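Below is one structure; the comments refer to it alone.
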Amino acid sequence: MGFPILGETNHFFSPNPSFDVSPFIKHRVLKYGPIFKTSLVGKPLIISTDPDLNYLIFEQEETLFECWYPETFKKIFGDQFFGSLHGFMHKYLKNMIVNAFGIECLKSIVSEVEAAATTRLRRWASCKVVELKDEIANMILDLTANKLISYDPENSPENLRENFVAFIQGLVSFPLDIPGTAYHKCLRGRKRVMRMLDNMLEERQQNPRKQNVDFFDFVLQELRKDGTPLTKEIALDLIFLLLFASYETTSIALTLAIKFLLDHPHVLSQLTEEHEGILKNRKDKASGITWNEYKSMTFTFKFLNETLRLANIAPGIFRRALRDVEFKGITIPAGWGVMVCPPAIHLDPKHYVDPLAFNPWRWERCEGASKHFIAFGRGLRFCVGADFAKLQMAVFLHSLVTKYRFKAIGGGNIVRTPGVQFPDGFHVEIVEKEKKPSKY
């Protein structure tokens with residue numbers, strides 16, 4: 001259990017420069033088995049790498065387990081943030097998000113997603129080199145913020161991205177709220193974003209639109225209803241979480257996808273062949289991607305599944321035992337937090353042959369959403385933005401591989417922490433296919 005108060009926090013937060021399960025987890029599994037206890041920031045915690053227990057945790061939510069996050073997460077994301085709500089309120093907010101990012105809505109915005117991708121790629125091709133993670137994050141945030149709050153980065157008095165950068169840089173840090181610490185900067189970044197969202201909501205309340213254009217309009221409509229369970233604080237926390245989730249997770253996944261394409265030319269060749277086939281079979285050559293074309297990208301979805309399996313962007317999913325749970329001869333005490341470890345599931349050699357190898361063709365045999373693949377969670381908490389994220393990535397890849405050549409310039413490190421995996425300093429040159437690349 002480590003030291004008093006500190007527990008094993010320092011070891012847990014140690015960065016890991018590989019796609020493998022972190023040394024913190026691997027060493028303890030070897031010593032104690034697939035289910036072990038630890039202490040993080042003074043709180044006792046069970047960590048599970050056992051696929052059967054993980055399946056039980058997801059399937060028995062609200063019966064044996066409930067969604068739970070450490071108090072430090074609640075302070076960062078808000079007391080009423082979506083991930084910590086249960087029962088009716090969670091279902092109510094989930095339905096709100098589905099109205100904004102459900103399948104019917106996505107069908108209507110395919111052209112917007114494609115326009116965002118082509119505009120950015122054209123801009124990047126005019127530069128000698130781009131830092132890919134930052135540029136993709138900008139693209140994703142601008143698109144998502146436009147759909148949520150009609151944010152226009154060119155005309156806004158505040159820079160939304162700068163505030164998010166300050167927030168994210170301290171997201172995974174020791175929770176010491178003292179000026180100068182990463183955690184303090186994280187809280188300040190959140191405060192600035194929340195102030196910005198609050199000002200925008202108040203302005204929209206004073207000048208309401210006649211028709212719903214973005215998620216803010218839908219929120220205002222809900223807030224005006226008699227007896228609504230929605231409060232302004234819950235709505236703002238929800239919008240903050242949606243912006244963060246799209247900005248950080250999708251941009252990391254897409255950056256890693258491009259790195260995998262550069263590392264595996266045979267995968268790039270197969271992906272390009274699929275997308276050039278779509279263009280070849282299109283009756284109207286001047287039209288954009290249709291929903292049916294998007295759904296036909298079978299190899300693209302295998303490629304994205306394999307990217308997400310290795311990326312493990314959410315290396316920990318938290319729950320709490322509602323009562324004593326007996327499992328395989330051990331007892332999980334009521335009230336204890338439990339952390340499901342997705343990397344241990346996604347890199348299990350019993351299910352994935354040569355698990356650290358990048359092999360999209362393995363998905364011809366593997367299932368998508370299953371007890372062995374939880375990139376978007378599972379059960380009641382399955383990510384409601386999963387389809388939106390996959391749409392953004394697939395459409396971007398279509399524009400990239402059909403119109404551009406690209407290559408890495410210099411190095412670029414992949415460093416995993418318990419929060420996210422950062423493709424650090426990954427610079428890429430992007431050139432239109434009809435033009436000659438520079439001589440690097």
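The values are calculated or read from the model by the stated rules, or taken from the named source; none is laboratory data. In this text, all values refer to a predicted model and were calculated from it rather than measured experimentally. As a convention, Cβ positions derive from the backbone with ideal geometry for all residues, glycine included, and neighbour counts pool all protein chains shown. Ligands, DNA and RNA are excluded from the accessible area calculation, which covers all protein heavy atoms including side chains. Shrake-Rupley method; radii C 1.70, N 1.55, O 1.52, S 1.80 Å.
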Legend entry - Scope segment 369-380; condition assigned to a loop (DSSP other than H, G, I, E, B) and open to solvent by 30 Å² or more (accessible area, probe 1.4 Å); matching residues: Ala369, Lys371, His372, Ala375, Phe376, Arg378
Inset, instruction - Within segment 212-231, identify whether any single residue is part of a helix (DSSP H, G or I), open to solvent by 80 Å² or more (accessible area, probe 1.4 Å) and either farther than 28 Å from Gln392 by Cα or out of contact with any Ser or Thr (no Cβ under 8 Å at 6 or more places or on another chain) (or both), and answer yes or no. - result: no
Legend entry - Output for segment 15-71, where each listed residue is polar (S, T, N, Q) and in contact (Cβ under 8 Å) with a residue 40 or more places away in the chain: Asn16, Ser18, Ser22, Ser48, Thr49, Asn54, Thr63
Legend entry - Condition met for Thr255 (open to solvent by 20 Å² or more (accessible area, probe 1.4 Å) and either among the hydroxyl-bearing types (Ser, Thr, Tyr) or modelled with pLDDT under 85 (or both)): no
Legend entry - Candidate set: segment 135-157, residues that are assigned to a loop (DSSP other than H, G, I, E, B) and surrounded by 15 or more Cβ atoms within 10 Å (Cβ to Cβ); chosen: the one modelled with the lowest pLDDT: Tyr151
Inset, instruction - Residue by residue through segment 273-329, note down the ones that are among the acidic types (Asp, Glu) and surrounded by 11 or more Cβ atoms within 10 Å (Cβ to Cβ). - result: Glu273, Glu274, Glu276, Glu293, Glu306, Asp324
Inset, instruction - Go through the residues of segment 288-303 one by one and say whether even a single one is basic (Lys, Arg), in contact (Cβ under 8 Å) with a residue 24 or more places away in the chain and more than 23 Å from Phe358 (Cβ to Cβ). - result: no
Inset, instruction - Only strands (runs of 3 or more DSSP E) wholly contained in segment 381-430 count here; list those with 2 or more residues that are modelled with pLDDT under 80. - result: 413-416, 421-424
Inset, instruction - Evaluate the following for Phe318: is it within 25 Å of Tyr247 (Cα to Cα) and part of a strand (DSSP E or B)? - result: yes
Inset, instruction - For Phe260, work out the one condition from (1) farther than 19 Å from Ser111 by Cα; (2) assigned to a loop (DSSP other than H, G, I, E, B) it doesn't fulfil. - result: (2)
Inset, instruction - Hey, could you check segment 338-362 for residues that are open to solvent by less than 20 Å² (accessible area, probe 1.4 Å) and more than 22 Å from the chain's Cα centre (by Cα) and say which is farthest from Leu254 (Cα to Cα)? - result: Tyr352
Legend entry - Filtered residues of segment 110-134 (kept if at pLDDT below 90 and assigned to a helix (DSSP H, G or I)): Leu132, Lys133, Asp134
Legend entry - In segment 1-57, the residues that are surrounded by fewer than 18 Cβ atoms within 10 Å (Cβ to Cβ), assigned to a strand (DSSP E or B) and modelled with pLDDT under 90: Phe3, Lys43, Pro44
